[in-house]
Amino acid sequence: MIRIVIAEDQLMLLGALASLLDLEEDMKVVGRASNGEDAVKLVHLHKPDICIMDIEMPVKSGLDAAEELKGSGCKVMILTTFARPGYFARALKAGANGYLLKDSPSEELADSIRSIMAGRRMYAPELIDEAYGQENPLTEREKEVLGLIADGKNTKEIASQLFITTGTVRNYISVILDKLNVSNRIEAIMHFKEKGWFK
């Protein structure tokens, strides 16, 4: 019997997922959580085989909870509406065994759980294409400049921290915006975050 904990902050969906999986002869839902913190507690309490985790939840996100459960012996499957490469990269880093999207057919969920329990990893194909299809176009120095912008530093502060002129900083910024195909600093930071390129 595959023992499952589900973490999902939309209560109707949480109930539906639990009912759906309880219909499977080889599965039993042993715990339901509406946030990442409760999910971690339930995993320690019930010692399930797998925890199905949403990402954006109150108190603690699914990715933070997955990182906390790394090495606990419980497999983690992310089930989310967000097909963001940045989230996918973090899920991989947290050791998630699966990353599926909520618009997948419901029968795929049970099959994916069985595949994960058999030792395979299950990732939504569109995420893999996106994650491996795009490399970070910025040089180390450009990443450094963007990181300082993200920290709230202005052109003058960046120049003094990196021992370069303000003109050089402005050149870097214009190259960064150009490479990321965005029109301002805020968009550059957002784009970089979404891609999961900030270390």
Hey, among the residues in the range 166-178 that are surrounded by 12 or more Cβ atoms within 10 Å (Cβ to Cβ) and among the hydroxyl-bearing types (Ser, Thr, Tyr), which one's nearest to residue 136 (Cα to Cα)?
172
Would a scan of the range 36-51 turn up a residue that is closer than 15 Å to residue 110 by Cα, among the hydrophobic types (A, V, I, L, M, F, W, C) and within 19 Å of the chain's Cα centre (by Cα)?
yes
Count of the range 187-199 residues which are farther than 15 Å from residue 141 by Cα, open to solvent by 60 Å² or more (accessible area, probe 1.4 Å) and in contact with a helix residue (DSSP H, G or I) (Cβ under 9 Å, 6 or more places away or on another chain)
3
If residue 15 passes every condition in (1) surrounded by 16 or more Cβ atoms within 10 Å (Cβ to Cβ); (2) farther than 17 Å from residue 74 by Cα but one, which one does it miss?
(1)
Just name the residue that is modelled with the lowest pLDDT out of those in the range 154-192 that are under 27 Å from the mean Cα position of the chain (by Cα) and among the basic types (Lys, Arg).
179
Of all residues being charged (D, E, K, R) and at pLDDT 85 or above in the range 104-125, which is nearest to the chain's Cα centre (by Cα)? Just the residue, please.
121
May I ask you to verify whether residue 41 is over 28 Å from residue 89 (Cβ atoms) and at pLDDT 95 or above?
no
Check residue 121 against each of (1) open to solvent by 60 Å² or more (accessible area, probe 1.4 Å); (2) more than 18 Å from residue 57 (Cα to Cα); (3) touching a residue at least 60 places away in the same chain (Cβ under 8 Å); (4) not small (Gly, Ala, Ser) and name the one condition it does not meet.
(3)
Among the residues of the range 54-70, how many are of a type in the set (Val, Ile, Thr) and farther than 15 Å from residue 42 by Cβ?
1
Every listed condition ((1) within 19 Å of residue 82 (Cα to Cα); (2) surrounded by fewer than 14 Cβ atoms within 10 Å (Cβ to Cβ)) holds for residue 127 save (2)
Can you tell me which condition residue 150 does not meet? The list is (1) of a type in the set (Gly, Ala, Ser); (2) touching a residue at least 24 places away in the same chain (Cβ under 8 Å); (3) open to solvent by 60 Å² or more (accessible area, probe 1.4 Å), and all the others hold.
(3)
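One line per residue, one yes/no per condition, for (1) among the charged types (D, E, K, R); (2) in contact with a strand residue (DSSP E or B) (Cβ under 8 Å, 6 or more places away or on another chain); (3) closer than 19 Å to residue 33 by Cα; (4) crowded, with 23+ Cβ neighbours inside 10 Å:
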| site | (1), (2), (3), (4) |
| --- | --- |
| 57 | no, yes, yes, yes |
| 71 | no, no, no, no |
| 87 | no, yes, no, no |
| 96 | no, yes, yes, yes |
| 99 | no, yes, yes, yes |
| 106 | no, no, no, no |
| 116 | no, yes, no, no |
Residue among 83, 89 that is in contact with a Gly (Cβ under 8 Å, 6 or more places away or on another chain) and small (Gly, Ala, Ser)
89
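The values are calculated or read from the model by the stated rules, or taken from the named source; none is laboratory data. No experiment lies behind these values; they were computed from the predicted model shown. So basically every Cβ, Gly included, is an ideal-geometry build from the backbone, and we count neighbours across all protein chains shown. Side chains included, ligands, DNA and RNA excluded: accessible areas come from the protein's heavy atoms. Shrake-Rupley method; radii C 1.70, N 1.55, O 1.52, S 1.80 Å.
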